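FYI, it's all coordinate maths here, none of it is from the lab. Everything quoted here is computed from the prediction, not taken from an experiment. Backbone-built Cβ (ideal geometry, glycine too); neighbour counts: all protein chains shown.
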Amino acid sequence: MTSTQANRLSMLLWGGAILALLILLYLLSPILTPFVLAGILAYVANPLVDRLTHQGLPRPAAVVLVMAGMGLLVTGLALIVLPLLVDELGRLTARVPAAIEQINQRLLPWVSARLGFSVRLDMSHANRLLSGNWDAIQPLLGQAFTSAKEGGIVFFGAVMSSLLVPVVMFYLLLDWYGIVARWASYVPRRWQQKCTALAGDIDAVLAQYLRGQMLVILVLAVYYSTALWLAGIPSALSIGVVTGLLVFIPYLGFATGFGLALLVAVIQFSGLQPVVAVLAIYGIGQLLESFLLTPYLVGERIGLHPLAVIFGLLAFGQLFGFFGVLLALPLSAILAVAWREVRAAYLASRFYQYTA
């Protein structure tokens, strides 16, 4: 077998192996989420574990300590959000009769004038109507129960996956460098030096990304807390801190903070001014995050132009949905490092330098 044939056979084998790996990842995608999430968290937490081990702490103890700290952070967020949500929902429930009365006095007369007949909300009449049509309501309740049961199964699966994350994360952190070394040993020897250099560049870029993201979180937490306080929204500090801390989770962080602030503003029943203020505050905050803070505080740190950051967020979100937006900037940073290598190889190639 000639060297050309051997190279072709090698390329076919590598191509087949990569294709088989992609198919396997696609088939296993439903169960890969906790492993991917655990890997991301382990990568973020590994520098903290290293610092503790350099102080003389055994690695297992350092891993447990760091994971306990992260658990306390998540628990603290839950303790901020859940009591606030329960309290506001309790206030909302207590004010439902007053809200119905406000609707009857202000909104429904205008609706009645347009429709030509009287419209009024009456809870006692609604209760009598429901009790008189129980046979018609039962099938709807059955469907609701079936949907709730299916939703409960999905919820149970999500809970089990979330419980799996810390277990996987613990073992990854415990043997982090051993796992990395084992995977690196599979790289062909002639590529190992180059791959090691690329991995170092990618690691440095991702570290800059995390530092930039921490700055974005800090700035937004201060902005939302201050703006909500100036607007007279109760629990402004709690809502602002939660919004800032969760902003690294696309959609969910913004939606959680915005929903809490809007709920508090509506429950005040002091007109549209608090609601308009919340809409304006979160609209401006989203613009600041998307077009100023993330492009400049994160994009410049990882070597990406602000336009590239905006395009990356939109493109990865379109291709991969929620996780695409979540991983858009780290993946863009990795692609930027790879692109620099490809560009350097292209500029050094005979094809580029050839002149007739």
Going fewest to most other Cβ atoms within 10 Å around each Cβ, Leu215, Leu173 line up as Leu215, Leu173
Compute the signed sum of charges (Lys and Arg +1, Asp and Glu -1) over the other residues within less than 14 Å, Cβ to Cβ, of Ile334.
-> -2
Along region 39-48, Karplus-curve 3J(HN,Hα) (6.51, -1.76, 1.60; θ = phi - 60°) to the nearest Hz, with x for Gly and Pro, reads x, 5, 5, 5, 4, 5, 7, 4, x, 5
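For region 189-356, what's the relative contact order in percent, using C-alpha pairs closer than 8 Å and at least 6 residues apart?
23
For region 189-356, what is the Kirkwood hydrodynamic radius in Å, using each pair of distinct C-alpha atoms?
Values: mean 1/r = 0.0556 Å⁻¹.
Over region 189-356, the inverse of the mean reciprocal pair distance is 18.0 Å.
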